[in-house]
Amino acid sequence: MEAPIRLGISSCLLGNEVRYDGGHKLDRFLRDTLGKYVEYVPVCPEVEYGLGIPREALRLVGDVDAPRLMTQRSGVDHTDGMLQWARKRVEELEKEDLCGFIFKSRSPSSGMERVKVYSDQGMPSHKGVGLFARVFMEHFPLLPVEEEGRLHDPPLRENFIERIFAMKRWRELLSQGESIGRLVEYHTRHKLLMLAHSPAHYRAMGKLVARARELPPGELYRQYQTLLLEGLRLKASVPKNTNVLQHMMGYFKKQLSQDEKEEILEILALYRKGHMPLIVPITLMNHYVRKYDEAYLKLQHYLHPHPIELQLRNHV
Ligand code: SF4
């Protein structure tokens, strides 16, 4: 990948002192570790909309599906102004080629889910979405999004980072113009990754690519992108990964010795039972791909979906 992955992020997560109390919510993993591989596009809805630092804290009030954004003490209603600003901001963000967005959890402006919405009696329900986050997700419905809190969960973290890398490769493909040949190549390289996330999407994408010449290129790309991003949203799991790894074994049927086959099956059984992380069978597969120079498997992003230094598969 030549250009860095561009990722939107709630500004306070990078350590910027933009919160209502003049503080920040620095997330060191996002800034220091993931930050080596991405170029962040920070957004602070409340400051960019025009509220100062420090400022009175805000909260969501009323209908969970269409809450009002109010100052907590003085009850000033910022809903209409914030929505107007957010709609304009997401249009500007279209030019940023974002591969995803990381939101600050629980914020009435930036929270992606389970944000408190207060009833008229002052009782909170945890079913709201921050105003800016809602407008963003409606505008970019398939773009990978997560919250910093959820990214502390290893499977969610691995899934999100896998998605942003696949999205970046997709954006690079788009930047080269529409071509059936290049789409087929992208598809070939992502087959096993898709199979690990969603066998149904994997099959649908295969059918779509098989009749690529029957569709206008724009329509083909549009349908492919929808399947790709919908499929990647479904999480890879131990049974799905086991299925992919068994499928991979089929490519070595003739080359593997009996002892090598038994070794792979033993490692797969240990992985399936939760005694080993995914990185162990993946490393073994990479070893045999190299040893037997297996041309198709060598191409698979499934074996190298993101930088090994992130160690994401050591914990899933
Ligand atoms: S949560 Fe959102 S609105 Fe609040 S300080 Fe962070 S970026 Fe700004």
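Computed from the coordinates by the stated procedures, all read-outs in this text should not be read as laboratory data. This one's a predicted model, so the numbers in the text were calculated from it and none came from an experiment. Please note: Cβ atoms are built from the backbone with ideal geometry, for glycine as well, and neighbour counts cover all protein chains shown.
Computed quantities for the displayed model
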| read-out | value |
| --- | --- |
| Debye log10 I(q)/I(0) for the stretch 61-153, one point scatterer per Cα, at q = 0.22, 0.24 Å⁻¹ | -1.12, -1.26 |
| Listed residues GLY8, LEU26, GLY62: farthest to the positive end of the dipole of the stretch 5-151 (Cβ charges) | LEU26 |
| Per-selection Kirkwood Rh - the chain (Cα, Å, 1 d.p.) | 21.6 |
| Under the span-like rule (Cα at least 15 Å along the axis, Kyte-Doolittle mean at least 0.0), DSSP H helices of the chain | 199-210, 279-291 |
| Dipole in debye (nearest 20) - the chain, about Cα centre, beta carbon charges: Lys, Arg +1; Asp, Glu -1 | 680 |
| Kirkwood hydrodynamic radius over Cα pairs of the stretch 1-132, then Stokes diffusion coefficient at 37 °C and 0.692 mPa s, in µm²/s | 213 |
| Cβ-placed point charges (K, R +1; D, E -1), dipole of the stretch 188-278 about Cα centre in debye, nearest 20 | 360 |
| Only Lys, Arg (+1) and Asp, Glu (-1) charged, at Cβ; the stretch 153-316 dipole about Cα centre in debye | 380 |
| Backbone N under 18 Å from the GLU94 label point (7 Å along Cα→Cβ), restricted to the stretch 1-26 | 8 |
| Euclidean distance of C-alpha centroids, the stretch 70-111 and the stretch 167-218, integer Å | 33 |
| Fully extended contour minus Cα-Cα distance, from LEU174 to ASP293, at 0.36 nm per residue | 39.8 nm |
| Estimated FRET transfer efficiency (LEU26, GLN121; beta-carbon r; R0 30 Å; 0.05) | 0.25 |
| Stokes-Einstein D (µm²/s) once Rh is taken as the Kirkwood radius of the stretch 183-238 over alpha-carbon pairs, at 37 °C in 0.692 mPa s | 292 |
